[in-house]
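Reading through the structure tokens given below for one structure.
The values are calculated or read from the model by the stated rules, or taken from the named source; none is laboratory data. Please read these numbers as outputs of a predicted model, since none were measured by experiment. Here the Cβ is made from the backbone with ideal geometry for all residues, glycine too, and neighbour counts use every protein chain on show.
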Amino acid sequence: MPLLSYFSSTEDNLLVSPLSIATCFSLILPGARGDTETQISAALSYPDSTRDATYNTFDSVRANYNSKYPANIAPASESHTPPPVLQIANSIWVDQGLALDSAYQQLVNDLLVVVDFNDRNSSTALNAWVATHTSGKIQSVVNPGEALPGEMIAVNAVYFKAIWSSQFEQSMTGYGTFYTSPERQAVVKDDSHFMHQVDYFQYAHTSSHQFLALPYQHAYTDTEHQFEMLLVLPLDTASADLSLADLEEGVVRMERTRVALAIPKFEFWGDYELNDALKSMGIVAPFSPEDADFTGLSTSVDLFISTVIHKTFIAVDESGTEAAAVTAIVMEPTSIGNPDALPLPVLFKADHPFQFFLRDRVDGTVLFAGHVREPVPPAGSATPAMQASESIWEEKFGTSVISNLAAEMTSTRTPGMTITTTLEMTSTSASTEPGCDPQGLCMNEDNARQCRSMVSQCGSKVVVMESCPLQFGCPGGGGGNQPVNGTFGDDLLSASSPSNVAVAFAWVMVAVLAVF
């Protein structure tokens, strides 16, 4: 019971689904290798078999439960008591750009959902899948309206609903006090709804605990599965933490006993990030970008587990129990696993005044231009969930960044490239074709194709004039750079010359730059 022990210090209600967690990890185990595989298998007590065999074992359990305890059964009536409902569903959500290992894809093909993780509709689709497979008890597992995290998300959902074999009479439910400890010295709630009945149950007590099993309908007639809720009540504060040995002792001693039973009705949801809890169980390497080995999952990137999300629900009343759980394992690319596929990103941090232009990328038309000096968030913006810091790239994105731009430009620029002293932009030497000034400085390569078509009269590229700030010019013949005339003649604005119209747009851009 390592998960319960890990969360035992909290004063909140607690509910986890070991079945959901173990099933979800079985979805990614076939792609695990080395210590990553060993740690997952050991911590979750997987059978001593191959990775694919473990996956198939869990899938067989899922298929058996789904077939035997379907959701589409007749509702309860005086003449019909429905058997329990137990449904398990799996899915593996994959970003459309992720290339899966062929053997893994063949194994899990029926579970794959390929979507664009940057499309916000994808989070809506995933949350809808979760709601459907938990009968609406859990509405989401990722933030709605946002891009999906990571590159791959393995998801499991479990839904259970059953009626007590011996139901409680609603007329026997009354208010009662719920205390913080067996010594009954402090009150948690003085208006809890306690259900009461007297009947025969499987029961035992030791020096430290009482044990009682509440069976669900068909528990005594079903030869394959017998569902029950096992209640364990400590007799003193020192026994509040239940050990596995205590539990085993109590179960072995249980026998049919007449019991006066009083338990409160309850309903609550659980929402947990299991990273630290799983690490405490020995699953360490899978969470490390450096040590994780999931090379059997993808051929395009190396993946590691960034987050394990676990959400639960339970409701207990006079008629029975309804419970649901969802586990999602979010997997992201490591920053070191495939350097060719994932180059280090260059840092662009707009934390000081900057300009912006809404433009037509094809013809250069500037629709809007502006300058941000004091950013104010839009009205109604949600409060940020965290404090931004330089560590965000490593912690949230699993990557380091290139922040020394000068060094990066020096190391990546090709020979002959220079920086203009006028507009401080990367430039290449002007073409040395006849009639062009080899001293001229061209615009950067990103704009070069557009520049080459701007001014046909020049017979070459448009260049940035070192001697004429914020002006475009073209290489003059025979010596010196001649700027384009500041007043556009009919030849430059001719409707039959798209390249000349582009010059007009370029001049508008220069004018906008001059304003700022």
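Here are the numbers:
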item: In the range 29-43, the residues that are buried (at least 21 other Cβ atoms within 10 Å of the Cβ) and farther than 20 Å from residue 92 by Cα; result: 39
item: Identity of the residue in the range 136-153, modelled with pLDDT of 95 or more and polar (S, T, N, Q), that ends up farthest from residue 95 (Cα to Cα); result: 139
item: Lone qualifier among 299, 321 - being hydroxyl-bearing (Ser, Thr, Tyr), within 30 Å of residue 231 (Cβ to Cβ) and assigned by TED's automatic domain parsing to the domain that holds residue 96; result: 321
item: Every residue from the range 123-139 that is assigned to a loop (DSSP other than H, G, I, E, B) and surrounded by fewer than 16 Cβ atoms within 10 Å (Cβ to Cβ); result: 136, 139
item: Given (1) more than 24 Å from residue 313 (Cα to Cα); (2) at pLDDT 90 or above, index of the condition residue 271 fails; result: (1)
item: Qualifying positions in the range 145-187 - within 36 Å of the chain's Cα centre (by Cα), in a loop (DSSP other than H, G, I, E, B) and among the charged types (D, E, K, R); result: 146, 151
item: Residue count for the range 105-140, restricted to those that are without any contact (Cβ under 8 Å) to a residue 12 or more places away in the chain and of a type in the set (Val, Ile, Thr); result: 1
item: Residue 36 without any contact (Cβ under 8 Å) to a residue 60 or more places away in the chain, of a type outside the set (D, E, K, R) and not in a loop (DSSP other than H, G, I, E, B); result: no
